[in-house]
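One structure is given below, encoded as structure tokens.
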Amino acid sequence: DAMVIQNPRYQVTQFGKPVTLSCSQTLNHNVMYWYQQKSSQAPKLLFHYYDKDFNNEADTPDNFQSRRPNTSFCFLDIRSPGLGDAAMYLCATSRESGGQRFFGPGTRLTVL
Amino acid sequence: AQSVTQLDSQVPVFEEAPVELRCNYSSSVSVYLFWYVQYPNQGLQLLLKYLSGSTLVKGINGFEAEFNKSQTSFHLRKPSVHISDTAEYFCAVGDTGRRALTFGSGTRLQVQP
């Protein structure tokens, strides 16, 4: 089945230790998104790629970076995680801008 | 700019009772509207969407929603809920010009036996 896959599902890191979350898709969608969702809050868009075109939200901290080496994969890099970065990180795709998002199961990040 | 307001943070309801989860939006352009469901420790799953056409939209799991342009609302309804419907429900609005999808703050539906 075509889907959005996120690995790992649960990630534990230490304060200040870089961490990378990965997302892959078999839908061949043009757009890939990264959302941060803190407990009992709505998902918040961090950035997205339209093909190789990177779009950063204005309030996304510099600590967060992203890479999209090809259509299928997208990575979220957190250079120096702080306690406030503990959250669920959701990857999503859509065929075109404004279209239906297909979400992955999320990666829950814990920062010790 | 767009915004989404989900008026109820929590909705408790008994099993087999009807439920309505409210959503209002504001936007200066034509919109797409979505309802997503999120079960604990999982990603968001699309329940239904309004892109154009009929204002009454039917989705999965027996849910439906009605787009009301004059009231800028997109309320979600189900005539008879099950325990398994207990989850967080998010309303979202997107437009064809921007690439962002704006989410509401969510409504936790708690179905009690």
Size of charge dipole - the range B:3-112 - debye, nearest 20, with Cβ of Lys, Arg +1 and Asp, Glu -1, no other charges
400
Cα-based equivalent ellipsoid of chain A: semi-axis lengths in Å, sorted from largest, via gyration tensor:
22, 14, 13
Give the Debye-formula value of log10 I(q)/I(0) at each listed q (0.20 Å⁻¹), with one equal scatterer per alpha carbon of the range A:7-53, two decimals each.
-0.93
Can you give the accessible area buried between chains B and A, summed over both chains, with a 1.4 Å probe, in Å² to the nearest 100?
1700
Counting partner chain Cβ atoms within 10 Å of every residue's Cβ in B:37-44, what's the average?
6
Student exercise, chain A dipole from Lys, Arg, Asp, Glu Cβ charges, in Debye to nearest 20
260
Approximate spin-label separation A:Leu27-A:Arg79, in nm, with each point projected 7 Å along Cα-to-Cβ
3.0
Taking all protein chains in place and a 1.4 Å probe, what share, in percent, of the accessible surface of the range B:3-112 do carbon and sulfur account for?
48
Computed from the beta carbon distance with a Förster radius of 30 Å, FRET efficiency for A:Asn63 and B:Val29 to the nearest 0.05 stands at 0.40
Ratio of chain B's C-alpha Rg to 2.2 N^0.38 Å, to two decimals?
1.02
Rounded to whole Å and sorted largest first, list the principal axis extents of the Cα atoms in the protein assembly as shown.
48, 39, 34
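The values are calculated or read from the model by the stated rules, or taken from the named source; none is laboratory data. Owing to the predicted nature of the structure, the values given are computational and were not obtained by experimental measurement. Positions of Cβ are backbone-derived with ideal geometry, glycine not excepted, and every protein chain shown enters the neighbour counts. All accessible areas refer to the heavy atoms of the entire protein, side chains included, with ligands and DNA or RNA removed. Shrake-Rupley method; radii C 1.70, N 1.55, O 1.52, S 1.80 Å.
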